[in-house]
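All of the numbers you see were taken from the coordinates with simple rules; none came from a lab. Just so it is clear, the model here is predicted, and its values are computed rather than measured. Heads up, the Cβs are rebuilt from the backbone with ideal geometry, glycines too, and the neighbour counts pull from every protein chain shown.
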Amino acid sequence: MIELSDEQRSLRDAVRTLLGKRSDSTAVRRAITEPGGYDPTLWRVLCEQIGVAALAVPERFGGVGADRRTVQIVLEELGRTLTPAPMLGSVIAAALLVALDDADANARLLPRVAAGGVAAVAWADANGRWGDGAFEVADDQLTGAAHFVVDGDLAEILLVVADGAVYEVDPAVAGRTHTPTMDLTRRLARVRLDAVPGRRIGPADARAALGAALDDAVVALVAEQVGAAGAALEITVGYTKVRHQFGRPIGSFQALKHRMADLHVLLEAARCAAYAAAEGSVHPAVAKAYCSEALQTIAGEMIQLHGGIAITWEHDAHLYFKRAHGSAALLGSPAVHRRRFASVIE
Amino acid sequence: MIELSDEQRSLRDAVRTLLGKRSDSTAVRRAITEPGGYDPTLWRVLCEQIGVAALAVPERFGGVGADRRTVQIVLEELGRTLTPAPMLGSVIAAALLVALDDADANARLLPRVAAGGVAAVAWADANGRWGDGAFEVADDQLTGAAHFVVDGDLAEILLVVADGAVYEVDPAVAGRTHTPTMDLTRRLARVRLDAVPGRRIGPADARAALGAALDDAVVALVAEQVGAAGAALEITVGYTKVRHQFGRPIGSFQALKHRMADLHVLLEAARCAAYAAAEGSVHPAVAKAYCSEALQTIAGEMIQLHGGIAITWEHDAHLYFKRAHGSAALLGSPAVHRRRFASVIE
Amino acid sequence: MDLDLDEQTTAFRDEVREFLRVAPRLPSMDTPDGFAAHRAWEHTLADARLSVVSWPREFGGRDASLTQWVVFEEEYYAAQAPLRVSQNGIFLLAPTLFAHGTPDQLRRILPPMARADEVWAQAWSEPEAGSDLAGIRSRAVPTEGGWLLSGQKTWSTRATYADRAFGLFRSDLAAERHHGLTYFMFDLHADGVSVRGISQLDGEPGFAEIFLDDVFVPDRDVLGEVGDGWRVAMSTASNERGLSLRSPGRFVAAACRLVDLSRDCADTALTDRVVDAWIGARAYQLHTWATVTRLTDGGRLGAESSIGKLFWSELDVALHETALDLLGADGELAGDWMSGYLFALAGPIYAGTNEIQRNVVAERLLGLPR
Amino acid sequence: MDLDLDEQTTAFRDEVREFLRVAPRLPSMDTPDGFAAHRAWEHTLADARLSVVSWPREFGGRDASLTQWVVFEEEYYAAQAPLRVSQNGIFLLAPTLFAHGTPDQLRRILPPMARADEVWAQAWSEPEAGSDLAGIRSRAVPTEGGWLLSGQKTWSTRATYADRAFGLFRSDLAAERHHGLTYFMFDLHADGVSVRGISQLDGEPGFAEIFLDDVFVPDRDVLGEVGDGWRVAMSTASNERGLSLRSPGRFVAAACRLVDLSRDCADTALTDRVVDAWIGARAYQLHTWATVTRLTDGGRLGAESSIGKLFWSELDVALHETALDLLGADGELAGDWMSGYLFALAGPIYAGTNEIQRNVVAERLLGLPR
């Protein structure tokens, strides 16, 4: 359940300690000005010393074969500090490859993912639908454009979804454009293909694998959301303890206390939903709807409870806020997931 | 605008003074145990001394020909005290007759309405749709059943809506059953007709008149809702000033103060919407959605802010609460009116 | 995060599930007949040793683990079995007895409680002391062999038909606030006690006022030390098997009924709220199970119980509001959902108002200044 | 409840509407070029005597009635004309000048303000005094012929490019809280003043910090009596033509854009929220008009202005949230609505936080105890 095993606790502590040293607010702001929008040195350390990219990869392909809950631990820590890193794209690609179960492709690609090679899946269409893909196939050549591709312009391994199947495409021949989003701590790109050859991975109808991979991706993302929400609330509580008005810390005013108490209740419920999704006892759609809205609420309240300082560039509040809205839309909005879940229970 | 004319102010003061004397909580509780669920003596005084039933009736038919805003004043006062009285049914019937503009019928029926005769319109179907009616017509005979008929079992004048037209029916030959609702201060009935002869009033297609009458009815009802909401908030504020906990009046706790401040803002906006609907500058659908939800919110908070005492029979909180939910559904739910308005603006 | 059930617990679950197939539908326990029927149902439960599963065997239980207790509760709600007329005793008094009672008290009081031969009412609130128990004015004056209790208690659940009651009385009249209080158990049929039912919204006297006028209580019915009543009462105020950890099965069952109601609803605005209610019920269930696991692993339940209280009470209101909106005009006809809604609205009130729970969360969990 | 317009007002409305057909689209006024363009637009407005319609003619206005002023505002927003770079001066300082200024001050200050030859910044907040102006620490020390101002002001809108500023300074260092404050107007280009822009979320310095180090201000630039600054500032804090009565046209215009956005949306959950936003904007408009009518009839605007503040600020957040949800994934690409949303979220913060507004409503309108 919520309690971590000893290894999981060690993993969490290792990631948290590293990020505490090398990914504080100043470091994050420096990282987003890097060419790829993240700190490649930090990513290398995360991969080499802690092995975060190997977690979601099976042992026989050079990975650790950890469960979804263990992968969540890393995402939650990265979410807390808003550290930009190609972890989520890596998790999505690994999940898709594992689900496709194509021995050749796995032997070729998964070891590279496990070693920290940046991977991306070009999947969503312009309307932000993570469905059967955004490309058309004719004579094994792919044409179309995918949007909201996590780490898409950085990837050295590029998978694309077309007509419910998955293809490997040479990143060098894809038109890839970094999309400037409000969430500066997340790298998104548009991937355009114009009659580009692709190498199919897995079956011609890979919808089942796509569904499973989307679930895995969502499970990872909700942990990141819970991490960001937890940090946003901690920062806010800390601020209201030291900020004085009318001669008292503003955190002693009952109306503000009660608002933060409600946020804490919301956070706890979101945490439960995220962890339960990892263990399969709650539908990932439920967790995505719940955690997205919890983070949006908490980040919005973070802005309001900080007062004027929150709408300055120097303060981190707006970064959490933008992450909240960016990740709510990523992999399908709360509304999409709510409807998806409605079709399951009704 | 919101300011009342001198006559309107006199009317309000007269009604408020009378209800203050004869319709306090004890009197209301006595009235709902009367056979008709209201105090006929009080109704007689309201009609004879103040002429409330005559307000919505044109002068040439024995009425006062007051505007909708003036009619609202009476409803608002009745709403404040939750006084059960056949006023709303009377307003609906008068509005419908006036809109139908059938000289014979008006000369025959409106003077009786103006004098305080109880009138009702059997209109909604079992799903609570105030549309083209709940009856079928064959050979000038009516068959079917209408629900949620305000004052339906008490009426001496009974109008029924069938196939988009309006008929007068002899109350004596209609099957009328008082419907026990949660809202004890509102009289609703089911009206069943089984091949009963009806006398058509107005055109065969009276949809335009029905629409106009529904708007008038809604305008009256929202005033009643605003009155009830205002009283519910006043009672709640008063209670929190005198109720002590932890050695202080609970109304001095910031969290509760802020909740009541928000309710006050909500009430003021609802009041504006209600009055504007009377003057035609806001669509009645808007006012119905807004005022219904405002009263529901305020009555729900009334329960919570009163603590344990609110869920006792002796305290009036539950009466306001039940009125809130009853009147939200009456004449179409907030959702229905929101959609109706959406079709207007889009 | 489902509860991991071992073989023994699975067998227990199957036994409970099978037994509850015969669970009857009873009239309201706030009527004389309904109360008698609920008492009889408790006898039936006790005969199957299912009335107090977590208690030691010698008092009528079966030494069930906390996980088994939660399993029992989940099954009980899923089966829509009758409300527990003995809940004040088994959820509120018994934990305090286990913590502070003498061996004699345990032997005398627990077995008849387990069979509902004695049904207990709580007597916490007073007219001037709602959620603020420190404002208690009822007093206990020492007399030979015991005490004389006087004063007025209110919002006493079940007191109209119950046999005995428990509550705090001021035994040191010079002391203030939460000092000088003592925890007493007393007979509702004793000389000097009169009980007046308070009609609730459905017209039934689920609550009562208790008036005490020099009611004699022997020393052996003092629970804990004299003057130590506040600490005794508070030690189990966030009791894990009481109201603070309300069985999530209740809300999941209500959410399922809501899903049924919405089956033909094409209005996404409403079906979204149904999904939200379902998600909320599930989130509360997960949170409760996580708490149970933590407690099983040796953790203590403290201020976290306030989270549960805030969550279930707000959820209950949302569940009922959604149902009423789904029913539309039909909901206005007197029905289960409407009554349920009124009681749901009372949820944020009893067992400590939510305003107080928010203070607890803010101060004890978030460390915000007073 | 529409505004009843007499013939003269109708003619005025037509004139304004016609004039605003030429309203340009300008770059952000928080850039040097944008600021210059906005200043030029104010010249154009002033040439048509439309920059300060409610002022007396001698200062550049046309003695317009309150109703005419509201009509102007409605038309201005409906035309999506440029933001007013001179808003601090005309909405905040000018009402205070009319109430407390000397004839000399009015003559010197108002005409250049009306033409934006002098653009004013407000200097209310300090690092230790946000919504709590009584916490001001900046000080004024008397010197020959005037005062020397020192200290730090923050969240000063427009200060980066403005010419002058107004604010409170502590002239009696021994006094505490709201005693011993004096209202000063000072030149942002004077010796001893330095201004540092604060980057906002869109990267532009809409706010600034002002550092003052022995800045000389002549006696003639004290507004009101020395030591009476708190009363002078507060007397127009709920000024009917200032932020507290924010022009509803802005929200109605945003709601209309929202309706446009939702035209192809089949999701009733979302279209319901669009309708709610529209209703909210309309309700705020009605409330504002009712207030205007009351003021025209001789009423005073007091604590009611807090209602308006609470209403528009929460409405603004809801409007933008709905837009972003309608746009879905597209909304994530940097766009007007997202920037608008961030500023909407700031709404509950500035012009007195909503927490304080709620205190005002609770204590002054509902009479709840402190």
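Numerical summary
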read-out: Chain A, closest residue to the rotation axis toward B, by beta-carbon, whole angstrom; value: A:GLN254, 2
read-out: Selected from A:TRP43, A:PHE148, A:GLY117, residue furthest toward positive end of dipole (segment A:1-156; charges at beta carbon); value: A:TRP43
read-out: If the convex hull is drawn through the Cα atoms of segment A:84-124, its volume per residue in Å³; value: 65
read-out: Segment A:103-164: equivalent-ellipsoid semi-axes (sqrt of 5 x gyration tensor eigenvalues, Cα, Å); value: 22, 15, 9
read-out: Other copies of A:ASP24: label-to-label distances in nm, shortest first, labels 7 Å along the beta-carbon direction; value: 6.8
read-out: Mean projected area (nm²) of the alpha-carbon convex hull when chain B is viewed from all directions; value: 17.5
read-out: Alpha carbon centroid spacing (whole Å) that separates segment D:57-127 from segment B:82-157; value: 56
read-out: Cβ-derived FRET efficiency at R0 56 Å, A:THR177 paired with B:THR179, nearest 0.05; value: 0.30
read-out: Taking D:ILE109, A:ILE32, D:ILE279 and counting other C-beta atoms within 10 Å, the order from fewest to most; value: A:ILE32, D:ILE109, D:ILE279
read-out: Nearest-20 debye value, the protein assembly as shown charge dipole, Cβ charges on Lys, Arg, Asp, Glu; value: 2060
read-out: Nearest-to-axis residue of chain C, judged by beta-carbon position, where the axis maps C onto D, in Å; value: C:ALA269, 2
read-out: ³J(HN,Hα) computed for each position of segment B:27-37 - Karplus, 6.51 cos²θ - 1.76 cosθ + 1.60, integer Hz, glycine/proline x; value: 5, 5, 5, 6, 4, 6, 8, 5, x, x, x
read-out: Compactness of segment B:235-325, expressed as Rg and Dmax over alpha-carbon positions, Å; value: 15.0, 50
read-out: 7 Å along Cα→Cβ, label-point gaps from B:ASN127 to other copies, nm, shortest first; value: 2.8
read-out: FRET efficiency, C:ALA40 to B:GLU34 (Cβ-Cβ, R0 35 Å, nearest 0.05); value: 0.30
read-out: Cα-centre dipole for segment A:109-163 with unit charges at Cβ (Lys and Arg positive, Asp and Glu negative), debye to 20; value: 260
read-out: Scattering profile of the protein assembly as shown at q = 0.06, 0.07 Å⁻¹ [log10 I(q)/I(0), Debye over alpha-carbon scatterers]; value: -0.66, -0.91
read-out: Alpha-carbon gyration tensor eigenvalues x 5, square-rooted, for segment B:190-262, Å; value: 50, 15, 8
read-out: Positive-end extreme of charge dipole, segment A:152-281 - chosen from A:PHE246, A:VAL218, A:TYR275 (charges on Cβ); value: A:PHE246
read-out: Pair-distance profile P(r), taking every C-alpha pair of segment D:1-133, with 10 angstrom steps and integer %; value: 11, 39, 33, 15, 2, 0
read-out: In sequence order, calculated HN-Hα J values of segment C:356-370 (Karplus, 6.51, -1.76, 1.60; Hz; x Gly/Pro); value: 6, 4, 5, 4, 4, 4, 5, 7, 8, 9, 9, x, 6, x, 5
read-out: Gyration tensor over alpha-carbon atoms, segment A:1-134, equivalent ellipsoid semi-axes in Å; value: 24, 20, 15
read-out: Residue-by-residue Karplus 3J(HN,Hα) for segment B:113-124, coefficients 6.51, -1.76, 1.60, Hz, glycine and proline x; value: 4, 4, 7, x, x, 6, 10, 8, 10, 8, 9, 6
read-out: 7 Å along Cα→Cβ, label-point gaps from C:GLY145 to other copies, nm, shortest first; value: 10.0
read-out: Distance from segment A:165-182 to segment C:210-235 (C-alpha centre basis), Å; value: 74
read-out: FRET efficiency for A:ARG207 and A:GLN141, using Cβ-Cβ distance with R0 set to 25 Å, rounded to 0.05; value: 0.70
read-out: Set of lysines with alpha-carbon distance to C:LYS309 below 27 Å, sequence-local pairs under 8 removed; value: A:LYS241, A:LYS257, A:LYS288, B:LYS241, B:LYS257, B:LYS322, C:LYS153
read-out: Added length on full extension, which subtracts the Cα-Cα distance from 0.36 nm per residue, D:SER28 to D:GLU144; value: 37.6 nm
read-out: Crossing angle, helix A:254-278 versus chain A [Cα axis fit, 0-90 degrees, rounded to tens]; value: 20
read-out: Cα pair distances in segment D:92-232, grouped into 5 Å bins until the bin that holds the longest one, percent each; value: 2, 11, 20, 24, 22, 14, 5, 2, 0
